[in-house]
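Written below as structure tokens is the structure these notes are about.
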Amino acid sequence: MSHPSPPAAAPVEFTHRQILTILGGLMMGMFLAALDQTIMATATRTIADDLNGFDLQAWATTAFLITSTISTPLYGKLSDIYGRRPFFLFAIAVFIIGSFLCGLSTDMWQLAGFRAIQGIGAGGLMSLALAIIGDIVPPRERAKYQGFFLAVFGTASVLGPILGGFFAGADELLWLAGWRWVFFINVPIGIAAMAVVARVLHLPHQRVDHRIDWPGALMLIVGLVPLLTVAEQGRDWGWGSGGSIACYVIGGLGVIGFVLAERAYKDEALLPLRLFGIRTVAVGAASSTILGMAMFGGLMTVPLYLQIVKGSTATAAGLQMIPFVVGIMTGSIVSGQLISRTGRYRIFPIVGSFLMVIALFLFSRVGADTPLWQTMLVMVVMGLGLGSNMQPMITAVQNAVSPREIGVATGAVTFFRSMGGTLGTAVFLSVLFNVLPGNISDAYQEAAKDPAFQQAAAEPDQQALLDQARSADALSDTSFIGGLADVVAHPFKVGFADSVHLVYLIALCVMLVGLVVVFFLPELPLSQRSAQQARAEDAMQAQQSGGVPGPGTGPQPGPGGVKAASDG
């Protein structure tokens, strides 16, 4: 005896005010993830010293990175099946628990383990927020609202280093070591975010029964854990060491196993391979990987340059990054408004990639004596490029897939950007630390010919600090630079600036490839229905015709709509 299918949810159209209310809850959740990434940057050294684990500090980053990267596509797929709201609330709850436990850590291994829990929550905060906006806002209007998300990241990237520096600098705050508040601050923000989301986020969802691709999830873990680990740790282990080679082999086998599992599960796969046959998705994944590499690989050196070459404190360096944030917000808001008015999105990733190429070239010309205002102008150009690139690409991918697969498609783009960022950070840091000692040594040899340098360096207190500057462990603690006379410190800064040039030139080459890739992005008409409207209408049509819409059902041609299949 067959059971009648449940009635399809009627299409719902959200008002601008309702969207903004929901957006408030989503932004609070995303603020947690964004703040956590930037607040740690200035506090890590203090935390590592306090927990007697300076040599283990990289594991706290690696553990978070692994779990957040792996969980991202899982959230996308599961939320497509069971609905966004429970998984977004789950992600916030896990992040709060992980943060609270991190604040209680008594050694570095504990912190790494609790950071892994935190990462499981963080993986859902970003991708689900973008997917929920895809559910409630039509693609034509979507970029306008997604600009708010980049504003959240911009605010967090400025507030993070300032708060991190403040908490790390406080010996004690409310009877606890100051650095513990780096994690505890997430608890009240997270609880407030949960309360707002639970109250305002009510999306119609029709349960669709699917097999869950657990073999794919397992193979993704087997593939990515060793590869991400070696990407983070390879510089210390040695890229050709036994541990690194074991990671390559296990990771490679895991990736092959993942592809085989995805082929076997077809439409029910964690990352359905069929999606990558859609040109927009394939271009979006490739472009996001390259963008992640150039963005993380290039930008992580700017705060280092500001602190080491310009002598800024961690807090001051955070404030000096404001032009970059202004650029991101401006690029995102302008592109969002223009997409909404014109219905065209393809030009923005192209212009954004071109601006990033220009910015990376200009960064490669910044030296030890370049005025700070010039560096800040380049930051604005870089920010404009990123702001014009990231959100329009997500809008394009969401518009190109079936409304039933917005979660998995958004998760895929976020996943590849995160992977690119991890790879870029590993490669560029490795390059930077490999060329740095030689460049500093060359700069000091050149400076030794200058009588003013010879006179200053002959002072006994300067001689001891100069020996430290030339030693192999100079990079583990650069605080000695503040004690050097300007003429003695200058060669160290020149050596650092010369090393950064190479990083930016490599990032420039990577971004040139990214510029070529975005030219392959097709221009499809942007649908004027939100994903949940399209799903509800498809379900009602299927009930009336006695059929059931499958996962491959694309948006039906309507006002501005287009079938996903036409994107081949």
Tell me, what is the FRET efficiency for His202 and Val255 to the nearest 0.05, using R0 = 35 angstrom and their Cβ-Cβ distance as r? 0.35
According to a simple spin-label model (label point 7 Å from Cα along Cα-to-Cβ), what is the distance in nm between Arg365 and Asp486? 2.5 nm
Difference of contour (0.36 nm per residue) and Cα-Cα distance, His16 to Ile322: 107.2 nm
With no solvent and one point per C-alpha, what does the Debye sum give as log10 I(q)/I(0) for segment 275-525 at q = 0.09, 0.14, 0.16 Å⁻¹? -0.46, -0.89, -1.08
What residues of segment 159-186 lie in the reach of a label at Asp50, counting those whose backbone N is under 15 Å from a point 7 Å from the Cα along Cα→Cβ? 163-186
Evaluate the distance, in nm, between pseudo-label points positioned 7 Å from the Cα of Leu104 and of Arg274 along their respective Cα→Cβ axes. 4.6 nm
Taking alpha-carbon centroids only, segment 245-317 lies from segment 154-204 a number of Å equal to 27 Å
Averaging 1/r across every pair of distinct alpha carbons in segment 261-342 and inverting yields a Kirkwood hydrodynamic radius, in angstrom, of 16.3 Å
Glu446-Phe519 pseudo-label distance in nm [points 7 Å out on the Cα-to-Cβ vector]: 3.6 nm
Suppose R0 equals 41 Å; then what is the FRET efficiency for Ala192 and Ala170 from their Cβ-Cβ distance, rounded to the nearest 0.05? 0.95
Going by how many other Cβ atoms sit within 10 Å of their own, how do Glu141, Glu446 line up, fewest first? Glu446, Glu141
What order, most packed first, do the peptides 439-445, 152-158, 354-360, 124-130 have when packing is the mean number of other Cβ atoms within 10 Å of each residue? 124-130, 354-360, 152-158, 439-445
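The numbers here are math on the coordinates, done by the rules we state, and not lab data. Fair warning: this is a prediction, and the values are worked out from it, not measured in the lab. Using ideal geometry, Cβ is built from the backbone for each residue, glycine included, and neighbour counts are taken over all protein chains shown.
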